[in-house]
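Remarks on the structure that follows.
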Amino acid sequence: MLKRAGAVKNFLSGINIAAAVLLLLPVIALLPSLGGFPYPSAQSQFSDFTVSHYPNALYLQKMLSDGEIPLWSPLILSGYPFFASPLSGLWYPPGWLALLLPLPFGLNLVLLLHLLFAGAGQYLLVRRQGLSQLPAVLAGMAFVGMPKLAAHLGAGHVTLIYAVAWTPWLLLMSSRSREKGGSGIAVVLALITLADPRWLPYAAGLWIWYEVFFHSKERSWQKQIKDMSFQAAAGLLLSAPLLAPLWEYTSVSSRGAMTAKDVFEYSLPWDGLLGLVFPPPGGFHEWMLSPGVLVLVLALTALLVVQDRETDWKVRSWGLLVLICLLWAMGNHIPGLAQLANLPVLRWLRVPARSLFLVGMGLGILAAYGLQAILQGVDLKTLSRLRLFI
């Protein structure tokens, strides 16, 4: 108990009151509508919130109040295995808080808390990388206020937002694993999986990238592979209550017969890249890309400014991640990329534009490095990458 209390104290000490208030700003607009339903654009005919998540939460709430654990739902498809569906919310512990409150208020409140949690994780991750408080706050606000998160909130993608919110915490646990062991990584991987398994491949890929680019020099590659394999196995074991029945359920569903065309559905088109600078009004949530002018300018500043060797390596690494995720988001619009849909893991994915969440996360962190460089008073006229522009 004392150890747990100490962990909470360390977490709270990492975010002071001023930073917490700033992280609250991007979600203030959500407060008046907590008791209602977040709907998408006027052109949309439905929301996953009202079609799936709200009915599932009502059903789960009622069954638990009657003293039953619902393993089967008779509500749709002439009945289906409720315990095998990641959209049921049955296996995701943080989501149970919503069931203690009137709906849909409970779901909206838990969504808001996840957004704040995501911003706090991004803030602590950037602080962990050695940046000062103001740039870290900017990175946290950029993550919480990411237009893509807001767009998916409007589309009612409750479980996806839950899972994405844990992403910076996965990297934070990776950074702390050298000091505290790797149990935190396994727990976060499990929570991401139990929230929404569709986000696990993206989160796991990000984790592998982070380990390779940020921690590979701290131990031999043999030990790194051994440690990561153990952490991944532990995370999958903790996720077994959902993954085991989901595997069998998926094998007899339409996902088991997906083609490359299905996998790369809603790939970001080439003109969608304009959304980096000119966000389309009422744009499609899967293609929402804009990070905001301030974030974009500061991110470009970080990439153009030559800093010390260690910082420069981190900036280039985040820049590479953003580029890779942008290319993946474009899916079948990139020649030859569709062939990857035949790989064992990737063939179960749909909508490659989901990687734009990582683009937004990466640009927010790059913006923090750009602001840090400005605060340190970098002389732009002496920087080699800027000579062509000065």
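Points worth noting:
- ARG309/SER229 FRET efficiency (R0 35 Å; Cβ-Cβ; nearest 0.05): 0.70
- Distance between modelled label sites at LEU236 and LEU30, nm, 7 Å Cα→Cβ extension: 3.2
- Residue with peak Gaussian network fluctuation, the chain [Cα springs, cutoff 10 Å], from PRO281, PRO241, PRO81: PRO281
- FRET efficiency for the MET63 to ARG316 pair, using the beta carbon distance and R₀ = 51 Å, is estimated at 0.50.
- Between the beta carbons of ASP262 and LEU300, assuming R0 = 41 Å, the FRET efficiency works out to 0.70 to the nearest 0.05.
- With respect to the chain, whose longest principal axis is taken over its alpha-carbon atoms, helix 183-195 is tilted by about 50°.
- Centre separation in Å (Cα based) which lies between region 161-239 and region 100-116: 26
- For the peptides 210-222, 351-363, 66-78, 305-317, residues were scored by their other Cβ atoms within 10 Å and the scores averaged per peptide; the highest-first order is 351-363, 305-317, 210-222, 66-78.
- Where labels lie 7 Å past Cα in the beta-carbon direction, separation of ALA20 and LEU327 in nm: 4.3
- Rounded to 10°, Cα long-axis angle of helix 54-65 versus longest principal axis of the chain: 60
- Residue-by-residue Karplus 3J(HN,Hα) for region 198-214, coefficients 6.51, -1.76, 1.60, Hz, glycine and proline x: 5, 8, 4, x, 5, 5, 5, x, 5, 4, 4, 4, 5, 4, 5, 8, 10
- Most fluctuating residue given options TRP166, TRP247, TRP207, as computed from a GNM of the chain linking Cα atoms under 10 Å: TRP247
- Per-residue ellipticity at 222 nm computed for the chain from its helices equals -17500 deg cm²/dmol, with DSSP H segments shorter than 4 residues left out and the rest contributing -39,500 (n - 2.57).
- Angle between the chain longest axis and helix 105-128 axis [Cα atoms, degrees, rounded to 10]: 30
- Think of each Lys and Arg Cβ as +1 and each Asp and Glu Cβ as -1; about the Cα centre, that makes the dipole of region 181-279 roughly 300 debye.
- Charge dipole magnitude, Cβ of K and R +1, D and E -1 - region 307-378, Cα centre, debye nearest 20: 320
- Among (1) 149; (2) 123; (3) 162, the entry that matches volume of the Cα convex hull per residue in Å³ as calculated here: (3)
- Given LYS217/LYS314; LYS223/LYS314; LYS261/LYS314, the pairs whose alpha carbons are separated by over 25 Å: LYS261/LYS314
- Residues considered: GLN133, GLN61, GLN339. Largest GNM mean-square fluctuation over the chain, using C-alpha springs under 10 Å, is found at GLN339.
- Residue-span extension gain [SER251 to LEU276] - 0.36 nm each, minus C-alpha spacing: 5.2 nm
- Extending 7 Å from Cα along the Cβ direction at TYR80 and again at LYS217 yields two label points whose distance is 4.9 nm.
- Heavy-atom accessible area for LEU103, with the other protein chains in place and a 1.4 Å probe, reaches approximately 30 Å².
- Farthest towards the positive end of the charge dipole of the chain, among the residues TRP199, VAL322, PHE357, is the Cα of VAL322, using unit charges on the Cβ of Lys, Arg, Asp and Glu.
The values are calculated or read from the model by the stated rules, or taken from the named source; none is laboratory data. Since the structure is predicted, the reported quantities are computational estimates derived from the model, not experimental observations. Neighbour counts run over all protein chains shown; Cβ positions are idealised from the backbone, glycine included. Ligands, DNA and RNA are excluded from the accessible area calculation, which covers all protein heavy atoms including side chains. Shrake-Rupley method; radii C 1.70, N 1.55, O 1.52, S 1.80 Å.
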